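K.L.:
Could you have a look at this structure, given as structure tokens, before my questions?
Nothing in this text is a laboratory measurement; each read-out follows from the coordinates by a stated rule. Because the structure is predicted, anything quoted here is derived from the model rather than measured. We place every Cβ from the backbone using ideal geometry, glycine too, and count neighbours over all the protein chains shown.
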Amino acid sequence: MLREPTMEKLHAMRLGVMAAAWSEQQRSADVIALSFDERFAMIVDAEWMARENKRLGRALKEAKLRIAEASVHRFVGDVAGYLRQAIGNTD
């Protein structure tokens, strides 16, 4: 099999996550039993997800949020605390 030249080409095309997913598949007997289409879809999904995560990370960094640890969960918790204080319930 021409595994090494293929890996080199994937890295040259900046598809490192795809190359890593392919290598990982080679080590898993469960995945090897899947059809080509299923395995290929898993590899493409891994590359797409990595790029999407990178894009979102860049967007968050460029947003220059005042609170670096800002999250929806923290906001909801803060609102619940304020509501308890406003109602007078301290439990």
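K.L.:
Sequence neighbours fewer than 8 away in the same chain don't count; with that in mind, list the lysines whose C-alpha is under 26 Å from K9.
P.N.:
K54
K.L.:
Can you work out ³J(HN,Hα) from phi for every residue in segment 22-36, in order, using Karplus 6.51 cos²θ - 1.76 cosθ + 1.60 and θ = phi - 60°, giving whole Hz and x for Gly and Pro?
P.N.:
5, 4, 4, 4, 5, 8, 10, 5, 5, 6, 4, 6, 6, 6, 4
K.L.:
Still on this structure: What order do you get for 41-48, 28-35 when each peptide is scored by the mean count of other beta carbon atoms within 10 Å, highest first? Don't jump to the answer; show the numbers that get you there.
P.N.:
On the way: 41-48: 15.0, 28-35: 10.0.
For the peptides 41-48, 28-35, the packing ranking is 41-48, 28-35.
K.L.:
Quick one: net charge of R51's neighbours, Cβ under 13 Å, K/R +1, D/E -1? Walk me through the intermediate numbers first.
P.N.:
Values: positive: R14, K54, R55, R58; negative: D45, E47, E52.
With Lys, Arg at +1 and Asp, Glu at -1, the neighbours total +1.
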